[in-house]
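*Asks:* Take this structure first; my questions come after.
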Amino acid sequence: MTWLLLLLIVAFVAVIVWVYRPGSRKAQKTAATQIFRNENAPKQPRRAAMPSKRELDEATLTETTGHEWDGIKELDTPMPRWWLWTFYATVVWGVAYTVLFPAWPLVSGATPGILGYSSRASVQSDVKAAAAFNAPLDARLLQEDLSAVENDPELLRFASAGGAAVFRNNCAQCHGDGGAGVVGRYPNLLDDDWLWGGTVDDIRQTVAHGIRDEADPDSRFSQMPAFGEILLPEEIDDLTQYVLSLSGQEHDAAKAGGARRFSPTTALRATESKVPAAASSAHRI
């Protein structure tokens, strides 16, 4: 298939070169005139505004096209030889490229080309070469403890570059390219306020197992129990006012002071024992 296509292309190029060879235009026009001339056809009168008689320009010794406007005659200047041969070279180059490389579409693919080049195979080769080059650093990164990576400048630089690429592909959709997050939706990773811990091990735990992922048994969930079945309604109101007072927001001082009676251990014991709200009030300080 490839050789048949090559022969057809070579034949096409040969015809093009023969038709447009230098000096062939005049002969072609003469032949065409002889073929399509009708001796019995009535002669049409020539228009004086734009005569079609071809003649030789005396100043440049170049044949005219026969067109004339306001005494200005159009010269039929041939293309420079260097331009013609450059054009022929581009035609040959284009044909050779389509023969050597994949180019012509077929029903279920394309011509593979004599050289068998494939851009997809080239990319795969580059990926394999990069993986082989980074294999020693990958092995070291897997063997080293996370806390020890920070003390190895080369390994830290390699891990940071790889982590940045992974972050852009998997995390930037929520946290943004710069890690600023979205207020009220996704946490900001630029400050030092961490919801689930900011140490290296804490971050690894969060990334590896996620947050509130019921499919992962190692995922972390919020530890606050539901106090609706543990505390009385008025106790919940007092506790709400106390939480508002912690951040300096507007609150009821009388109720906020009463909420201080509840110790952390009281709520914990009530949660673990699952006692009713009335019984849990006996543990108040």
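*Asks:* When segment 210-236 is examined, which residues are found to be touching a His at 6+ places or on another chain (Cβ under 8 Å) and outside any loop (DSSP other than H, G, I, E, B)?
*Replies:* Residue satisfying the conditions is R220 alone.
*Asks:* Looking at segment 203-215, I want the residues that are over 18 Å from L146 (Cα atoms) and have a partner that is exposed (fewer than 12 other Cβ atoms within 10 Å of the Cβ) and at pLDDT below 85 with Cβ atoms under 6 Å, at least 6 apart or on another chain. Which pairs are those?
*Replies:* R212/F221
*Asks:* Quick one: which of Q205, Q173 is out of contact with any helix residue (DSSP H, G or I) (no Cβ under 7 Å at 6 or more places or on another chain), within 23 Å of L141 (Cα to Cα) and at pLDDT 80 or above? Lay out the reasoning, then the answer.
*Replies:* Values: Q173 fails: within 23 Å of L141 (Cα to Cα).
It is Q205.
*Asks:* Next up: State the number of residues belonging to segment 54-108 that are in a strand (DSSP E or B), of a type in the set (D, E) and at pLDDT below 85.
*Replies:* Number of matching residues: 1.
*Asks:* Another question, then. Taking T33 and the conditions (1) modelled with pLDDT of 60 or more; (2) over 56 Å from the mean Cα position of the chain (by Cα); (3) hydroxyl-bearing (S, T, Y), which numbered condition does it fall short on, given that it satisfies the others?
*Replies:* (1)
*Asks:* Additional query: Would you tally the residues in segment 102-127 being touching a residue at least 12 places away in the same chain (Cβ under 8 Å), out of contact with any Phe, Trp or Tyr (no Cβ under 8 Å at 6 or more places or on another chain) and more than 16 Å from I9 (Cα to Cα)?
*Replies:* Total meeting the criteria: 1.
*Asks:* To continue, here is another question. Determine the pairs where a residue that is assigned by TED's automatic domain parsing to the domain that holds A130 and among the small types (G, A, S), located within segment 140-161, has a partner that is surrounded by fewer than 13 Cβ atoms within 10 Å (Cβ to Cβ) and at pLDDT 85 or above with Cβ atoms under 6 Å apart, the partner being 6 or more residues away or on another chain.
*Replies:* none
*Asks:* Within segment 138-181, work out how many residues are in a helix (DSSP H, G or I) and touching a Gly at 6+ places or on another chain (Cβ under 9 Å).
*Replies:* First, pick out the residues of segment 138-181 that are in a helix (DSSP H, G or I): 138-143, 146-149, 153-170, 172-175.
With touching a Gly at 6+ places or on another chain (Cβ under 9 Å) added as a condition, the list becomes 138, 141, 167, 172, 174-175.
Here the count works out to 6.
*Asks:* Let me confirm something: among T77, T111, which residue is assigned by TED's automatic domain parsing to the domain that holds F12 and exposed (fewer than 13 other Cβ atoms within 10 Å of the Cβ)?
*Replies:* So the residue among T77, T111 that is assigned by TED's automatic domain parsing to the domain that holds F12 and exposed (fewer than 13 other Cβ atoms within 10 Å of the Cβ) is T77.
Conditions (1) surrounded by fewer than 15 Cβ atoms within 10 Å (Cβ to Cβ); (2) in a loop (DSSP other than H, G, I, E, B); (3) assigned by TED's automatic domain parsing to the domain that holds I203; (4) at pLDDT 80 or above, marked per residue:
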{"residue": "D238", "(1), (2), (3), (4)": "no, no, no, yes"}
{"residue": "S245", "(1), (2), (3), (4)": "no, no, no, yes"}
{"residue": "E250", "(1), (2), (3), (4)": "yes, yes, no, yes"}
{"residue": "A256", "(1), (2), (3), (4)": "no, no, no, no"}
{"residue": "T265", "(1), (2), (3), (4)": "yes, no, no, no"}
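*Asks:* Let me ask something additional. It is to be established whether one or more residues within segment 191-201 are under 30 Å from F133 (Cα atoms) and either assigned by TED's automatic domain parsing to the domain that holds N134 or touching a strand residue (DSSP E or B) at 6+ places or on another chain (Cβ under 8 Å) (or both).
*Replies:* No, there is no match, as no residue in segment 191-201 is under 30 Å from F133 (Cα atoms) and either assigned by TED's automatic domain parsing to the domain that holds N134 or touching a strand residue (DSSP E or B) at 6+ places or on another chain (Cβ under 8 Å) (or both).
*Asks:* Criterion first (within 32 Å of the chain's Cα centre (by Cα), loosely packed, with under 10 Cβ neighbours inside 10 Å and either hydroxyl-bearing (S, T, Y) or closer than 24 Å to I16 by Cβ (or both)) does S119 satisfy it?
*Replies:* On the way: within 32 Å of the chain's Cα centre (by Cα): yes; loosely packed, with under 10 Cβ neighbours inside 10 Å: yes; either hydroxyl-bearing (S, T, Y) or closer than 24 Å to I16 by Cβ (or both): yes.
Criteria met by S119.
The values are calculated or read from the model by the stated rules, or taken from the named source; none is laboratory data. Keep in mind the model is a prediction, meaning the values are calculated, not measured. Note that each Cβ is placed from the backbone with ideal geometry, even for glycine, and that neighbours are counted across all protein chains shown.
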